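My questions will all concern the structure given below.
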Amino acid sequence: MKDVSELPTPSLRVARSRSEGEPVKSTKGRRARRVPLPEPAWLIVRELMRLKRPDDLLLTGERGGQLWRSQFLRSSGYGEASNGRRVHDLRHTYVTLCLARNVDLTTVSKWCGHASIQMTARYSHWLGDQADAAGLALLNGSGGAPGVRDDESEAAL
């Protein structure tokens, strides 16, 4: 499938969008972006791709056409499981979880297609004391730069 890659890392290419009843258009930022897939998501995507042709849609409705929002909500039971949260709130959760797991702000911003890093930084207020603890862990040597031993970091000071 042209918008799914396994190399260099499993990912989806987001280059266009289409709302129900509307024509295909470019993304809000007008640029394509690559969104890496964590292993659990990649296993699902790989299974969905198994019976698809290269030009098929990855997620489809019951008859093989585009999966519209209303179909997704109905068939997934999202309304009952969401506790009133919007589907778009999943995007906010994703950004917050990435930042909480120390994915750097620039990378998260790129994955989300944000026009500026300031847009992504808005989510950091949700991190609270957890962000301080993660920063201190890095400063205290329990999460230094890749390939640099703690004794090398201390010698540089």
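Please list, in order along segment 43-54, the HN-Hα scalar couplings obtained from phi with the Karplus expression 6.51 cos²θ - 1.76 cosθ + 1.60 (θ = phi - 60°), rounded to whole Hz, x for Gly and Pro.
With the stated coefficients, segment 43-54 comes to 4, 5, 4, 4, 5, 5, 6, 3, 9, 9, 8, x Hz.
Per 5 Å bin, what is the whole-percent P(r) computed from every C-alpha pair distance within segment 21-111?
2, 9, 14, 19, 24, 20, 9, 2, 0
Let me ask something additional. Please give the direction-averaged projected area of the C-alpha convex hull for segment 1-74, in square nanometres with one decimal.
Computed as one quarter of the Cα hull surface, the answer is 5.8 nm².
Taking θ as phi - 60°, what are the ³J(HN,Hα) couplings along segment 113-123 by the Karplus curve (6.51, -1.76, 1.60), each to the nearest whole Hz, with x for Gly and Pro?
Karplus-based 3J(HN,Hα) across segment 113-123 equals x, 5, 5, 9, 5, 4, 4, 5, 4, 4, 7 Hz.
Right, next: Could you tell me what fraction of 2.2 N^0.38 Å the Cα radius of gyration of segment 1-43 comes to, as a two-decimal ratio? Please report the intermediate quantities before stating the final value.
Numbers: Rg = 12.1 Å, N = 43, 2.2 N^0.38 = 9.2 Å.
Cα Rg divided by the expected 2.2 N^0.38 Å: 1.32.
With all protein chains present, calculate the accessible area of E80 using a 1.4 Å probe and round the result to the nearest 10 Å².
Taking all protein chains as shown, E80 has close to 150 Å².
The values are calculated or read from the model by the stated rules, or taken from the named source; none is laboratory data. Note that this is a predicted model, so its numbers are computed, not measured. The protein model used for the area step is the full one, side chains on, heavy atoms only, and it has no ligands, DNA or RNA in it. Shrake-Rupley method; radii C 1.70, N 1.55, O 1.52, S 1.80 Å.
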